[in-house]
Every structure is written in C-alpha cells, then in structure tokens.
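Participant: Pasting a structure here, questions to come.
The values are calculated or read from the model by the stated rules, or taken from the named source; none is laboratory data. What you see is a predicted model, and the numbers here were worked out from it, not measured in a lab. A quick note on method: Cβ atoms are made from the backbone with ideal geometry, for glycine too, and the neighbour counts reach across all protein chains shown. Side chains included, ligands, DNA and RNA excluded: accessible areas come from the protein's heavy atoms. Shrake-Rupley method; radii C 1.70, N 1.55, O 1.52, S 1.80 Å.
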Amino acid sequence: MQRFVQLALDFLSGVHAPAAEPPARRVQDTSPSLPAEPMEVVFQPGVWQHPRANRRVQLAGCEVAYEFKRGKRRTIGLSVSHEGLSVRAPRWTPVGEVDSLLHSKSDWVLEKLRRARERSQQLAQARTVWADGAPFDWLGRRVLLRLDPTHDFRQAGAVLDGADVPAGGSAQNLTLRLGLSASASEAQIRDAAQAWLMREARRVFEERLAHFAPLLGVQWRVLRLSSAGTRWGSASVDGTIRLNWRLVHLSLDMIDYVVVHELSHLRHMDHSPQFWDVVASVMPDHAARRRALRALPLAAGG
C-alpha cells in the first residue's frame with residue numbers, strides 16, 4: 001500500500017516542524033479549520049470561554065473554560081479554534097494528568113488562543129459584503145464589483161474591465177461586471193463573484209506552478225483548489241498540490257511563495273534545512289515573504 005504523506009502550510013501555525021513531545025504526554029494539535037464566515041465570539045480580558053465548556057483551569061493568571069471529551073484515543077489532544085480550547089483524552093486518563101499537561105503547556109495554549117482571537121477578528125473585518133459597488137482584492141489590486149444585467153457576457157457571466165492598466169492605478173480602473181440584476185441577493189452576487197475568482201485562481205496557480213516546477217526540478221501531477229480555513233496550501237508525495245483559492249486575493253509575490261513552498265515539498269517532505277535550501281534556490285527572500293504572508297488575514301472572499 002502506498003504511504004500517503006502530506007505537508008501543509010497553515011495560516012495560524014509556523015512552518016517549522018514542532019519538537020517531539022515526551023511519549024507520556026504527547027500533544028496532538030488537531031486545530032480545526034476556521035469557517036469562511038466566523039461566528040462572533042466575545043472574550044473578556046483574561047477569560048477564555050468555549051461555548052461548550054464543561055471544565056475550567058487557571059493558566060498564568062487567565063481563566064480558561066474549555067470543552068473536555070473522552071474517547072478512543074491513545075494520547076491527550078489539544079486543539080484551539082475560534083471557539084476556544086478543546087481537550088480530548090483517553091477514557092482512562094486521570095483528570096489530574098489533563099490539568100498537569102495544560103499547566104505545562106500554558107504558554108502554547110494561551111498563545112494559540114490569542115492568535116485564534118486575532119484571526120477571528122481579522123476575518124470579520126476582512127469579510128466582503130457582496131453588493132453592487134463592493135470592493136474586493138484580486139492579485140493584490142482593488143476591484144469594484146458592478147452588476148450589469150444588460151451586458152451580453154461571453155465569459156461565464158463575468159468580465160474584468162481595466163486589467164491591462166498597470167498595478168498602482170486607481171480602484172476605478174478595475175471593475176468586475178457580473179450579469180446579474182439589481183435585485184440579486186448577496187448570496188447570488190457572492191456565488192457569481194467567487195466562481196470568477198476560482199477560475200482566476202486556477203489559471204494563475206497553474207501558470208506559477210508551470211513556471212517554478214522546472215526551476216526546482218520537480219513535477220506536480222494534480223492541482224486542487226482548497227477552501228480550508230487555516231491552510232494556504234499542502235503537498236502530497238503523489239504530486240498533488242492543494243492551494244487555497246483565496247490566495248488569488250493576494251499579490252503575486254505571496255502566491256509565488258506558497259507555490260514554491262509546496263513544490264519544494266516534492267523534494268523534501270519536511271521543513272529540514274535541506275528543504276529551505278531548495279526554497280532559497282529560486283527564492284532567496286523567502287523568509288521575508290513568509291513573514292509578510294503570516295501577517296495577513298485570510299482575505300474573506302466568502
């Protein structure tokens with residue numbers, strides 16, 4: 001049976017492989033994806049409240065109310081989402097051992113909670129309200145959305161005006177016209193705009209993969225578009241590359257970094273020094289691009 005290995009580039013976590021945990025208290029980070037339109041969660045300073053909390057613990061002066069469940073598993077698993085902290089433990093694990101582990105990992109837990117809160121706030125601020133005249137980003141440029149029910153579209157219901165204007169022009173130079181009536185709902189407008197954005201994402205991603213793969217000496221087999229909430233991309237040993245379609249909101253520099261990162265995993269399925277040497281061979285400034293990417297919120301295309 002072919003072994004399946006996948007390396008993912010996450011939004012919330014760093015790109016370096018975490019240090020191994022002692023066998024008795026290994027922590028498995030199973031953080032679920034954030035939703036495209038996050039729930040509004042209100043946190044008080046020093047208090048972290050999971051909506052389904054059934055246990056509480058004091059960590060470094062902060063009260064953390066977390067969701068605790070037992071099940072068929074071999075280790076204690078900690079996961080942090082926009083809702084808060086969740087803990088999964090084997091049926092036989094004493095509660096005292098869970099509390100002890102949380103205290104030993106308090107810095108990790110509180111940092112994950114803080115970053116999840118920031119990410120949720122960024123997502124809420126970045127979310128596009130899809131309507132006539134709404135702005136959104138495409139390849140790092142601002143685009144205005146216009147409904148045009150009278151136009152005879154030949155390009156799947158949408159056309160971009162002003163794409164030939166050099167980057168840096170005014171927002172009015174770029175307009176995406178959709179063949180929808182003025183009474184179209186936000187969901188209809190969003191779906192039409194996202195369909196166009198996904199087509200653009202595939203076109204751009206395939207171009208960049210075709211450009212960088214020969215430079216890195218690798219071959220990719222399949223490109224799949226992802227809508228994951230916490231991952232920019234991933235690579236598998238079978239040559240499958242997954243890229244988040246929302247990358248199409250970002251500048252080409254950011255897209256190229258993710259493309260090179262994932263293609264380089266076809267040479268090294270880890271984040272070893274050898275892996276970074278491969279990345280640097282075609283992108284010497286990859287560290288600066290990585291920092292810039294991690295500072296960005298997920299562009300809310302939906």
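Participant: Can you give me the distance in nm between label points at residue 295 and residue 282, each placed 7 Å from the Cα along the Cα-to-Cβ direction?
Facilitator: It works out to 2.6 nm between the two label points.
Participant: A further question on this structure: Kindly provide the Kirkwood hydrodynamic radius of region 51-122 in Å, to one decimal, from all pairs of distinct alpha carbon atoms. Please report the intermediate quantities before stating the final value.
Facilitator: Values: mean 1/r = 0.0798 Å⁻¹.
Kirkwood radius, region 51-122: 12.5 Å.
Participant: Rounded to the nearest whole Å², what accessible area per residue is found for region 189-302 with the 1.4 Å probe? Don't skip to the end; give the middle numbers.
Facilitator: Details: 4470 Å² over 114 residues.
Heavy-atom accessible area per residue stands at 39 Å².
Participant: Just the number, please: carbon plus sulfur as a percent of the accessible area of region 169-254, 1.4 Å probe, no ligands or DNA/RNA counted.
Facilitator: 47
Participant: Please report the projected area of region 170-226's Cα convex hull averaged over all directions, in nm².
Facilitator: On the way: hull surface 24.3 nm².
Average projection, Cα convex hull of region 170-226: 6.1 nm².
Participant: Given H placed on each backbone N at 1.01 Å, which residues far from residue 134 in sequence or on other chains put an amide H within less than 5 Å of it?
Facilitator: 145
Participant: If I model a spin label at residue 183 and residue 92 as a point 7 Å from the Cα along the Cα→Cβ vector, what separation in nanometres do I get?
Facilitator: Placing both labels 7 Å along Cα→Cβ, they lie 6.6 nm apart.
Participant: Quick check: the distance between the Cα centres of region 197-216 and region 172-186, to the nearest angstrom?
Facilitator: Distance between centres, Cα-based: 27 Å.
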